[in-house]
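Working notes, beginning with the structure itself.
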């Protein structure tokens, strides 16, 4: 019994690491330019489909699929920034939310139209095998996804806090006019932020595509998961997203195991509303 | 004066439409335009006038639809009796979403609306009392006229038209009231409005509750016309999308914007569905997504705002001439 429970918690932590990875992209963009990307979950979905195409049609493995999905999505992020976000940022709130919400629909239904509404599944043996650690069985695909996601999220945190690029981005986030006076180009920094944020979703999508259900509408669920994670972790905070992502992964797994699989999303969404009521600044946020 | 004349001509044309275009397809199309115009006009109160973008308005639509069908399915009452219940539930849900989020920045509100809509869909899909995945049906054979179950779309057309006029009347009255002035001030600058003593959170909450109640009426009417409701047709995200895009395309924050948006998009969707069949469903929403992105990027005010601007540009020189004329007159 307790072994099963531990196994459920470990599974939740591994999935939660992937949640943390793509949510850190959302929190980065939100914290830096006060834009919430309503297409964020659909970026992850797109990453899954890029990986799916690489795995099935091109016959490549995760070693090819993950970097390619990251690259494709990062490029998309830059295109979206220059084509849409840069202009709607200056507009009213309506334009901001409509812009990314419309983008979400565009991506979701383009994929729906092209690939159909069916659930796709990847070959089981892509990242095959299970490990047995002290009697706890862990699928190799989940272990790979969780560990890579954890490392990359941590790397993202280091990038933002320890490097010159990170300092420049934080300077733009703090005050873009002042940053400009110091010789930093806000436009370039914000485009880089979009590349990083979208690249993270691409990587996350490729990582979970090996064991998650691949379907065009998965972006809506994952998008809400990202919202929950970011509001739990406090907006703009990558470590916050990491802790919140892991927590949500565990809560989801536990409620799936203890109450029933159909209720796990309900628990997470209810949690979100509870947080908005009682602690909208997040777990680690300041008032 | 000229505005009143134009409005009466437009209203006369709308009243005469189902008599001029009398095939069942055309009448049904007209009824659907009015139905979506009701929902989009209701969205306009919170999304357009208050500037708070709800992307989960379907939850109120579903409340109305399920209340109307539930009144018949569980209590053998006319679906009409479900309407008040639907309004009460919708206003309560609006309070649950609105009280915490309307104090925060607009992003939180939008995120909460999408989460609540998805939560409602999941709960209803797993609730046996509400028909779970199958949904609830209305009366198959009408027992009397109050079941509002007609084969022809004509009675629905006039029922929807009356409801739309009431909705627009309430909206117009709201914009002229103190609440309308508060909303305009809040939309321009919430901080400035608050500093002058406008109760910003409360005003937005009232607008949201009003919008929710009216949207639920649209949902109830929808369920009566189609005779059933299931999680996809009553609570699917695509209904939210339609409501949102019609208001935004026509002109968010303008009284007749949603009606114009509905008059453009409903026929477009019906035609594309007829031409492309099942395959068209995905494509329609690709186009919807593209339209929303383009509006946001180039014309956040929608079509009516664009027309108003062009009109003003054309009218300005003549207005100046008119203003100058009395000076030259003896």
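The residue A:117 and residue A:58 beta-carbon pair, evaluated with R₀ = 25 Å, returns a calculated FRET efficiency of approximately 0.60. Under the simplified labelling scheme, the residue A:79-residue B:21 pair shows an inter-label distance of 3.7 nm, with each label point 7 Å from Cα along Cα→Cβ. In terms of other Cβ atoms within 10 Å, A:154, B:43, A:114, A:30 run from fewest to most in the order A:114, A:154, A:30, B:43. With a cut-off of 17 Å on the backbone N, the residues of segment B:77-112 near the modelled label site 7 Å out from residue B:127 along Cα-Cβ are B:82-97.
Each residue of segment B:27-237 gets 105 Å³ once the volume of the Cα convex hull is shared out per residue. Expressed as a whole percent, how much of the Cα-Cα distance distribution for chain A exceeds 35 Å? So the portion of pairs separated by more than 35 Å is 15 percent.
Shape call for segment B:205-286 from the C-alpha gyration tensor, a ≥ b ≥ c root eigenvalues: rounded (a/c under 1.5), prolate (a/b greater than b/c) or oblate? Oblate, since a/c reaches 1.5 and b/c is not below a/b.
Over the protein assembly as shown, the pair-distance histogram of Cα-Cα distances with 20 Å bins from zero comes to 19, 51, 26, 4, 0, 0 percent, rounded to whole numbers. Legend: ranking of residues B:173, A:277, A:113 from fewest to most surrounding C-beta atoms inside 10 Å; resulting order B:173, A:277, A:113. A Förster radius of 45 Å, combined with the Cβ-Cβ distance separating residue B:274 from residue A:158, puts the computed FRET efficiency at roughly 0.20.
For the protein assembly as shown, the mean residue ellipticity at 222 nm estimated from helices alone is -25000 deg cm²/dmol, where every DSSP H run of n ≥ 4 contributes -39500 (n - 2.57) and the total is divided by all residues, rounded to the nearest 500. The alpha carbons of segment A:77-203 occupy a box of 58, 41, 19 Å along the principal axes, longest dimension given first. Per the Kirkwood formula applied to alpha carbons, segment A:162-287 shows a radius of gyration over Rh ratio, Rg over Rh, of 1.05. Peptides A:208-214, A:180-186, B:88-94 ranked from most to least packed by the mean count of surrounding Cβ atoms within 10 Å: A:208-214, B:88-94, A:180-186.
Comparing A:11, A:205, A:25 in a Gaussian network model of chain A, where Cα atoms under 10 Å apart are tied by springs, the biggest mean-square fluctuation is seen for A:11. Under the simplified labelling scheme, the residue A:185-residue B:13 pair shows an inter-label distance of 5.1 nm, with each label point 7 Å from Cα along Cα→Cβ. As a proxy for reagent exposure, ranking B:179, A:89 by other Cβ atoms within 10 Å from fewest up yields A:89, B:179.
Computed from the coordinates by the stated procedures, all read-outs in this text should not be read as laboratory data. Everything numeric here is computed off the predicted structure, so don't read it as measured data. Quick reminder, even Gly has a Cβ in these numbers, built from the backbone with ideal geometry, and neighbours come from all protein chains shown.
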